[in-house]
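The values are calculated or read from the model by the stated rules, or taken from the named source; none is laboratory data. Note that this is a predicted model, so its numbers are computed, not measured. FYI the Cβ positions are ideal-geometry reconstructions off the backbone, even for glycines, and counts take in every protein chain you see.
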């Protein structure tokens, strides 16, 4: 096997293992529920006992004398016929009458199972019943009732011939007796001599009687030789253990079926799931690099700047990786302005933009975060600047040198809030004044970061994408769909934007995930730069570019 093929196989196996590990709880839950349910149901089921009688087919001597192929086929047909006739309605009625069972022949037939033993002349008749004594009784009585009825049916073929011969014998015997009475007087030696015609008649009658008697015996022999019957080779014994339910077996089989169904459900869910969850899926679907994997940040509502409040956490490490990757993305063309957007709402773009601005500022760079979401300004709320003058008012300044920005808790990080929400956001963001403001900010600062509206909701982000050096697309791992990302990338490509890459936000972190190492190494929260844990950032103060060193 080629090394490349081996690596791909190992990668697929690793993905499969991670997938099963991810859904292990579902598989185990399905096994427990299925096995437990089967166990409880089996325990509550009525136990069924089986009694089995083994029968032997006794064929007629005329059939067994030859070994021709037709005779063998006849024997097989005879065995199948007996197997079918054992549950004949009349036989079952006789059994019910003999045993006094309170059931109909149809119900009794459902309890009986007849099977031929292959390559033998044996038949196994089994009866299943909740009462073991009843099962044994029925299994032993059916062959007896059948044998009686079968004998009667086979003997009926010779009844007429035997009756005719018996009647003829009785007639001849009566005639011989009458003739003997006539000849009695002639037995005395002193009397008259016996008439010759009477002696001749006696001789004829005796000869006819002997012939009829011989014929009658031949018919009886033929009857005995032609009879086939079923005899009990082994009677049914009293069953001691039920044949069903098999509690443990049912539980094991149900658990196995539950596991198979759970795995199948997992595969179906994963195949139907068109969300992007890892860098491999991002590269395959969007042909774009993943700049960072941001874990699901804890206490983000209280301390949104995780790079400040938890500098050694996996989230802070992820934002430092994002800062580095953006820096390397601008090797040929310096990145002075970045637009942070997302395909849709609630993907976490504002939080990513704020932490990116903070981590760049912590590296000693002058950064300004511009809240360019003029419809639903979130960065302004994050920094508590909702009612401050901002971008909207700045666009109408005659001189951008009079522009006012606001300082933050992080040194060298400035914030330009959105300002008053205008009636025409798209026209303002696509105006020449906006382009001039962007260029002015890029000259004054090391990096300008714009937090914009979602791409698929409005056209604001597409307009801003043409004003900046690069665009960072934020999507929530496992929630943002592939087609939404493709439409977002397509919208950026149509305006000629420079898409730097993708940030996967809210990635599930854990021992088996991408951030297992960080969670192992940084197991506890560290205090922020202000020496306190998870507290809101300080109230920002007023500053302008003339005060920036």
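A few points about this structure:
- Some residue of segment 488-500 being touching a helix residue (DSSP H, G or I) at 6+ places or on another chain (Cβ under 9 Å), more than 21 Å from residue 315 (Cα to Cα) and in a strand (DSSP E or B): yes
- Within segment 200-218, residues that are without any contact (Cβ under 8 Å) to a residue 24 or more places away in the chain reach partners that are assigned to a helix (DSSP H, G or I) with beta carbons closer than 7 Å, at six or more positions or on different chains, in the pairs 201/179.
- For segment 419-442, a residue qualifies if it is over 16 Å from residue 401 (Cβ atoms) and out of contact with any helix residue (DSSP H, G or I) (no Cβ under 7 Å at 6 or more places or on another chain), and the qualifying residues are 421, 423, 424, 427, 431, 432, 435.
- Counted as qualifying within segment 222-316 are the helices (runs of 4 or more DSSP H) with 2 or more residues that are more than 23 Å from residue 338 (Cβ to Cβ), namely 247-272, 279-286.
- In the set 57, 41, only one residue is assigned by TED's automatic domain parsing to the domain that holds residue 120 and at pLDDT below 95; that residue is 57.
- Residue list for segment 471-503, filter: farther than 14 Å from residue 277 by Cα and surrounded by fewer than 16 Cβ atoms within 10 Å (Cβ to Cβ): 486, 487, 490, 493, 494, 495, 496
- So residue 442, is it over 24 Å from residue 275 (Cα atoms), in contact (Cβ under 8 Å) with a residue 24 or more places away in the chain and assigned by TED's automatic domain parsing to the domain that holds residue 328: yes
- Residue match in segment 380-388 (condition: assigned to a helix (DSSP H, G or I) and surrounded by 17 or more Cβ atoms within 10 Å (Cβ to Cβ)): yes
- Boolean, residue 101 is within 39 Å of the chain's Cα centre (by Cα), surrounded by 15 or more Cβ atoms within 10 Å (Cβ to Cβ), farther than 30 Å from residue 264 by Cα and at pLDDT below 90: no
- Being closer than 24 Å to residue 78 by Cα, assigned by TED's automatic domain parsing to the domain that holds residue 54 and loosely packed, with under 13 Cβ neighbours inside 10 Å holds for only one residue in 113, 119, and it is 119.
- Scanning segment 396-414 for residues that are within 59 Å of the chain's Cα centre (by Cα) and closer than 16 Å to residue 438 by Cβ gives 405, 414.
- Any hit, segment 344-365, residues being free of Cβ contacts under 8 Å to residues at least 12 places away in the same chain, assigned by TED's automatic domain parsing to the domain that holds residue 500 and not in a loop (DSSP other than H, G, I, E, B): no
- Some residue of segment 434-452 being part of a loop (DSSP other than H, G, I, E, B) and within 50 Å of the chain's Cα centre (by Cα): yes
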